[in-house]
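The next block holds one structure in the form of structure tokens; read it before the comments.
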Amino acid sequence: MNSKVYEELKKDVQEIIDLIAGKQNKEANNKLVEVSENLDELLDHAEEDEELVELGRYMVLLNQLHQKINAE
């Protein structure tokens, strides 16, 4: 998997964090769903253990952001 994929994930996660910080929870949740679907697809096509570990980190982060959105 190329670094562009990870850069895009990083950008999307930062956008979710910015939306949460701006108290735009509905928009943050919508973006989170979109990014989660993309992440699931990437996980389905990951072949290397290294890729699975890196994508797993994003999965944990998205789960934490989901909890943060729903806690408010």
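List of remarks:
- The chain: radius of gyration and largest Cα-Cα distance (Dmax), Å: 12.3, 37
- If you count Lys pairs in the chain whose Cα atoms are under 16 Å apart, skipping same-chain pairs closer than 8 places in sequence, the total is 6.
- Note that the chain presents 70 Å² accessible area per residue, ligands and nucleic acids not counted, probe 1.4 Å.
- Mean residue ellipticity (222 nm) of the chain, computed from DSSP H runs ≥ 4 via -39,500 (n - 2.57), nearest 500: -30500 deg cm²/dmol
- Zone residues, region 26-44, relative to Val5, backbone N less than 11 Å from point 7 Å out along Cα-to-Cβ: 39-44
- For the chain, the longest principal axis of the Cα atoms and the long axis of helix 25-45 meet at an angle of about 10 degrees.
- In degrees, nearest ten, helix 3-21 long axis to first principal axis of the chain (Cα): 10 degrees
- Qualifying trypsin sites (Lys or Arg not before Pro) in the chain, DSSP loop, other Cβ atoms within 10 Å at most 12: Lys23
- Rounded tilt (10° steps) of 49-71 against the dominant C-alpha axis of the chain: 10 degrees
The values are calculated or read from the model by the stated rules, or taken from the named source; none is laboratory data. Since the model is a prediction, treat every value here as computed from it, not as a measurement. All Cβ positions, even for glycine, are placed from backbone atoms using ideal geometry, and neighbour counts span all protein chains on display. Ligands, DNA and RNA are stripped out before the accessible areas are found, and what is left, the full protein with its side chains, is counted by its heavy atoms. Shrake-Rupley method; radii C 1.70, N 1.55, O 1.52, S 1.80 Å.
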